[in-house]
Structures are given as structure tokens and as C-alpha cells.
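The values are calculated or read from the model by the stated rules, or taken from the named source; none is laboratory data. Bear in mind that the values here come from a model prediction, so they are computed numbers and not experimental data. Keep in mind that these areas ignore ligands, DNA and RNA; they rest on the heavy atoms of the full protein, side chains included. Shrake-Rupley method; radii C 1.70, N 1.55, O 1.52, S 1.80 Å.
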Amino acid sequence: MGQVTIQVNGRPYTVGCEDGQENHLLDLARHFDRQVRTVSQEVGQLGETRLFLMGALLLADELTDVHARLTHAKAELARVQSEVAQIEAAAVGALDTAATRIESLAARAAE
């Protein structure tokens, strides 16, 4: 198991993680640190626990927004796929009708 020392609001914290996840954890910590520093700049030092809570709530808000956008995008994709399937079915039907007419015309011309 790996260990990484992360910095949040200027203070070091040693955190354990799965081997190979160290860089990912550092990226997450940097993102969290930015949120904490934003809260600190906007409202001042609140105490570490409250500051971390506010940072976590901001990240949770971001995550909720991303989930909502993803849900909307999936619904839009399903709608578009359904329209494409309907258009493809109509095109196949039109091609079948045209092929039948061409075969009929060719049979009459051969007579």
C-alpha cells in the first residue's frame, strides 16, 4: 500500500492509497486544496474542520451538477439514437419500394 503526503491549505497530510494511485490522489488533493483555498479567500479562515467541510460541499455541488448534465446527455443521446433508427427504417423502406418498382419496370420492359 502506498503513502502520499498531500498539502491542503498549506498543511501536510500523509494519506494511504493503493499502489499506483499516488498521482491520482495527488491530483484529487490539489483539486480539494483549490476548493478549500477559494472558501478561505471568500470567507476567511473558519477553522480547519469547517473550512474542509465547505470545500467538500463545493466539490459535492460540482459532482451533483456533473451527474445532472450526464443524465441529460444520456437522455439526449437515447432520443437521437431513436430518431436515427426511425430514419434508417424509413430509408430501408424507401429503398425496398424503389427496388420493387425498378424490378417491376424491368420486367415490363423485358416483355
Item to check | Cα-derived Rg to Rh of segment 31-80, Kirkwood definition | outcome: 1.26
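Determine by what factor the alpha-carbon radius of gyration of segment 1-64 differs from 2.2 N^0.38 Å, reporting the quotient.
In units of the 2.2 N^0.38 Å rule of thumb, it is 1.16.
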Checklist entry - Using alpha carbon centroids, what distance separates segment 60-111 and segment 41-59, in Å? => result 50 Å
Checklist entry - Given only helices, namely DSSP H runs of n ≥ 4 each adding -39500 (n - 2.57), what is the per-residue ellipticity at 222 nm of the chain, to the nearest 500 deg cm²/dmol? => result -28500 deg cm²/dmol
Next on the checklist: Please compute the contact order of the chain in relative form: average sequence separation of alpha-carbon pairs under 8 Å and at least six residues apart, divided by the residue count, as a percent.
Outcome noted: 15 percent
Checklist entry - Which value in Å is the Kirkwood Rh of the chain over different Cα pairs? => result 19.4 Å
Checklist entry - Roughly how many percent of the accessible protein surface of the chain is carbon and sulfur, given a 1.4 Å probe and a whole-percent answer? => result 58 percent
Next on the checklist: What is the angle, in °, between the Cα long axis of helix 22-43 and the longest principal axis of the Cα atoms in the chain? Nearest 10 is fine, range 0 to 90.
Outcome noted: 70 degrees
Next on the checklist: Please compute the per residue accessible area over the chain with all protein chains in place, 1.4 Å probe, rounded to a whole number of Å².
Outcome noted: 77 Å²
